[in-house]
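Read through the structure below, which is laid out as structure tokens, and then see the notes.
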Amino acid sequence: ILTHPDYIDGNPDLIKPKKLLNPVKASKSHQELHRELLMNHKRGLGMESKPELQRVLEHRRRNQLIRQKKEEEEAKKLQSPFEKELLKRHQRLDQLEQEQEKQEDHAPEFIKVKENLRRT
């Protein structure tokens with residue numbers, strides 16, 4: 001048993017409800033994307049080709065990465081010799097610490113205990 005809505009009976013005093021709009025389909029970006037997909041389909045372009053917006057965004061990202069690398073290189077060039085030497089020493093110390101950690105990992109347990117006893 002199905003009940004029928006009251007507004008179908010044709011009473012002119014009642015306000016008939018309107019169908020709600022889908023906010024996704026009503027958005028401008030969705031309409032433009034749909035239009036672009038239809039045009040690509042009509043032209044016979046496959047989905048392998050990227051839309052213009054995506055190509056532009058990738059191009060901008062690529063240019064931004066290149067700019068950042070150039071800025072980093074310029075910053076390195078502007079470093080004083082003293083700063084360069086400090087950086088080299090810091091890197092050397094890091095390498096030595098890593099090598100010591102590797103050697104300690106490979107050392108037998110009794111050597112580790114013996115070193116700890118010497119320290120105390």
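The values are calculated or read from the model by the stated rules, or taken from the named source; none is laboratory data. Predicted, not measured: the structure shown is a model, and the values here were computed from it. Here the Cβ is made from the backbone with ideal geometry for all residues, glycine too, and neighbour counts use every protein chain on show. Areas reflect the complete protein model, heavy atoms only, side chains present, ligands, DNA and RNA absent. Shrake-Rupley method; radii C 1.70, N 1.55, O 1.52, S 1.80 Å.
Which value, in Å², gives the accessible area per residue of the range 22-97 when a 1.4 Å probe is used on the protein heavy atoms? Don't skip to the end; give the middle numbers.
On the way: 7500 Å² over 76 residues.
Here the residues of the range 22-97 average 99 Å² of exposed surface.
Could you give the nm distance between label points at residue 71 and residue 14, where each point is 7 Å from its Cα heading toward the beta carbon?
6.5
When averaged across all projection directions, what area in nm² does the alpha-carbon convex hull of the range 47-109 cover? Don't skip to the answer; put the middle values down first.
Values: hull surface 35.7 nm².
Average projection, Cα convex hull of the range 47-109: 8.9 nm².
Any lysines with Cα under 21 Å of the residue 76 Cα? List them, leaving off those in the same chain fewer than 8 positions away.
Straight-line reach from residue 76, under 21 Å: 84, 88.
Only Lys, Arg, Asp and Glu count, each charged at its Cβ (+1, +1, -1, -1), so figure out the dipole size of the chain about its Cα centre, rounded to 20 debye.
On the way: 27 positive and 22 negative charges, 116 e Å.
Here the chain has a charge dipole of around 560 debye.
With just the Cα atoms of the chain, tell me how far they stretch along each of the three principal axes, in Å, largest first.
Its Cα atoms span 100, 47, 33 Å along the three principal axes.
By a straight-distance test (C-alpha under 16 Å), which aspartates and glutamates pair with residue 50 as possible cross-link partners, with residues fewer than eight away in the same chain excluded?
Result set, ordered by chain and number: 32, 36, 58.
In nm, to one decimal, how far is the modelled label at residue 106 from the one at residue 55, with both set 7 Å along Cα→Cβ?
Computed distance between label sites residue 106 and residue 55 equals 5.4 nm.
Along the charge dipole of the chain, pointing to its positive end and built from +1/-1 on Cβ of Lys, Arg, Asp and Glu, which listed residue (26, 64, 39) has its Cα farthest out?
39
Give me Rg over Rh for the range 80-119, both radii from the alpha carbons and Rh done the Kirkwood way, two decimal places. Write down the numbers at each step before the final one.
Details: Rg = 15.3 Å, Rh = 12.1 Å.
Taking Rh as the inverse mean 1/r over Cα pairs, Rg/Rh reads 1.27.
Quick one: with all protein chains in place, what share of the accessible area of the chain is carbon or sulfur, to the nearest percent (1.4 Å probe)?
On the way: 7030 of 12610 Å².
Carbon with sulfur: 56 percent of the solvent-accessible area.
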